[in-house]
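The values are calculated or read from the model by the stated rules, or taken from the named source; none is laboratory data. Model, not experiment: these values are computed from the prediction. FYI the Cβ positions are ideal-geometry reconstructions off the backbone, even for glycines, and counts take in every protein chain you see.
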């Protein structure tokens, strides 16, 4: 294992975060605060409680997930796309480093960033609403699992994209709608039965549901199903990355 | 001398069906400077990319320091430093950070003294804290060389190292390359500046349309293929050549003031003695004469045209 190389990539990527602190950390925190103001205060004052929890408190896990999902994808996809775009990828490809180590460096850094971000948003939320986390270990586990899984997904997008437009396309057109429709701001039990069935096809529902359970012990679907679905998505991403490196797809041809 | 790189039956066909390399066989000797010459699109960069692990080969095998580049890629790649043709840099990183990053990437422990030496050798020391985006093209090129040298490679690939570099800097770079060779590093360079190969290389390989056309010691190559030119500066201008000199295929230049005779150094007889004797018989006298050896460039152009 070339641990120095993993460290080099990881620290390089983290250094990029500190250089772009405003974009990486401050901007998601500001937008989350806005969600609290709009949804929590303005709309929440008209919705008394959801499943025994005040609306402002109810949306906290969803909001964290929203940021973690989008930021994981954005960080990881940009992290690997940018060296492809500037050409500096030559050095990564010519280094004595395995594919697994490359992924560990890039995805590790992207996931670290979004976990930090998730915790900052959690702390920010604590300023607006009272919070009590029933299962902190599970909460962290869900956070890490989601950050890693979606960083892997972002890594795949970054490899696949051959232009900035494609880099934005999946996050904008697929992930954001799935997240908004995945129960960030509501319990899917509030949907009419037909839409509830449709919503269950949305993988993000399982993430948010499991994450919310770790906070308040309320869930749209069972926790085991949540963990199973997230792990399944993780395995699919790993398989895709294994295939990418095996064939050299968009990297070595 | 033992081979440090051994390329056997290497072929590369791109997805588009373009055959960039066709059954290439090549041995690079330990410690030499090898110049790979070829016109644009000949396959130079593809060959280097495969050896360094950036592109996958379609067929064939490459050994670097006796290690297979695919099954034993860690050992093979850690021997190689690569300076690619294009200036690919992390614009917002400092020189020091980017060079240190390369060392880490190649699995070497931190060694600030070595990085300092590399930067000083390449006259980059006073720029170590500058962001790469603020550097000139020539400096960026040297940063790329510093990155390649950061992990103390045994083999250095320089793909068009002096493209876009001014004359003075180019000579400085040649110095660096020579010093590296003295320290035991094997250097493979591709270049468009034939004078660079002529100046630097121990051996020359010519690649054209994905095939190695020739590999030869530079001096042998120049002797073997080199032609010489004898120029005679005449005392008086000639209107036309006398028939007695027709067999020599002379060119009358400068409105009849100089005679030019090309001859082959490979031949047993160059024809110079009889030419001079026949000139004397014809009553043609000259003030001065000089001979010039054809350059590697002439040889190269000839080879590429005929292959």
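Rundown of residues vs (1) within 12 Å of chain B (Cβ to nearest Cβ); (2) under 30 Å from residue A:224 (Cβ atoms); (3) in contact with a strand residue (DSSP E or B) (Cβ under 7 Å, 6 or more places away or on another chain), yes/no style:
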site: A:78; (1), (2), (3): no, no, no
site: A:85; (1), (2), (3): yes, no, no
site: A:88; (1), (2), (3): yes, no, no
site: A:104; (1), (2), (3): no, yes, no
site: A:111; (1), (2), (3): no, yes, no
site: A:115; (1), (2), (3): no, yes, no
site: A:119; (1), (2), (3): no, yes, no
site: A:130; (1), (2), (3): no, yes, no
site: A:135; (1), (2), (3): no, yes, no
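Going residue by residue through segment A:200-211, is there one that turns out to be within 14 Å of chain B (Cβ to nearest Cβ) and either part of a loop (DSSP other than H, G, I, E, B) or touching a residue at least 24 places away in the same chain (Cβ under 8 Å) (or both)?
no
Every residue in segment B:133-144 that is surrounded by 22 or more Cβ atoms within 10 Å (Cβ to Cβ) and either assigned to a loop (DSSP other than H, G, I, E, B) or within 13 Å of another protein chain (Cβ to nearest Cβ) (or both), please.
Passing the criteria: B:143, B:144.
Would a scan of segment A:4-12 turn up a residue that is buried (at least 16 other Cβ atoms within 10 Å of the Cβ), at pLDDT 90 or above, out of contact with any helix residue (DSSP H, G or I) (no Cβ under 7 Å at 6 or more places or on another chain) and at negative phi?
Taking every residue of segment A:4-12 in turn, at least one turns out to be buried (at least 16 other Cβ atoms within 10 Å of the Cβ), at pLDDT 90 or above, out of contact with any helix residue (DSSP H, G or I) (no Cβ under 7 Å at 6 or more places or on another chain) and at negative phi.
Scan segment B:175-190 and tell me whether some residue there is crowded, with 19+ Cβ neighbours inside 10 Å, in contact with a strand residue (DSSP E or B) (Cβ under 8 Å, 6 or more places away or on another chain), assigned to a loop (DSSP other than H, G, I, E, B) and on the phi > 0 side of the Ramachandran plot.
no
Kindly evaluate residue A:1 against the criterion of being within 14 Å of chain B (Cβ to nearest Cβ) and assigned to a helix (DSSP H, G or I).
Numbers: within 14 Å of chain B (Cβ to nearest Cβ): yes; assigned to a helix (DSSP H, G or I): no.
Criteria not met by residue A:1.
Scan segment B:111-127 residue by residue and report those that are assigned to a helix (DSSP H, G or I), farther than 30 Å from residue A:103 by Cβ and touching a helix residue (DSSP H, G or I) at 6+ places or on another chain (Cβ under 8 Å).
Result: B:116, B:119, B:121, B:125, B:127.
Looking at segment A:13-34, which of the residues that are part of a helix (DSSP H, G or I), free of Cβ contacts under 8 Å to residues at least 12 places away in the same chain and within 14 Å of chain B (Cβ to nearest Cβ) is surrounded by the most Cβ atoms within 10 Å (Cβ to Cβ)?
Checking each candidate, the answer is A:15.
What number of residues in segment A:154-196 are over 19 Å from residue A:241 (Cβ atoms), assigned to a loop (DSSP other than H, G, I, E, B) and touching a helix residue (DSSP H, G or I) at 6+ places or on another chain (Cβ under 8 Å)? Can you show your working first?
Narrowing segment A:154-196 to residues over 19 Å from residue A:241 (Cβ atoms): A:163-165, A:168-169, A:172-173, A:176-196.
Keeping just the survivors that are assigned to a loop (DSSP other than H, G, I, E, B) gives A:163, A:181-187, A:191-192.
Of the ones still in play, those that are also touching a helix residue (DSSP H, G or I) at 6+ places or on another chain (Cβ under 8 Å) are A:181-185, A:187, A:191.
So the count comes out to 7.
Is it the case that segment B:12-25 has a residue that's under 19 Å from residue B:200 (Cβ atoms) and at pLDDT 95 or above?
no
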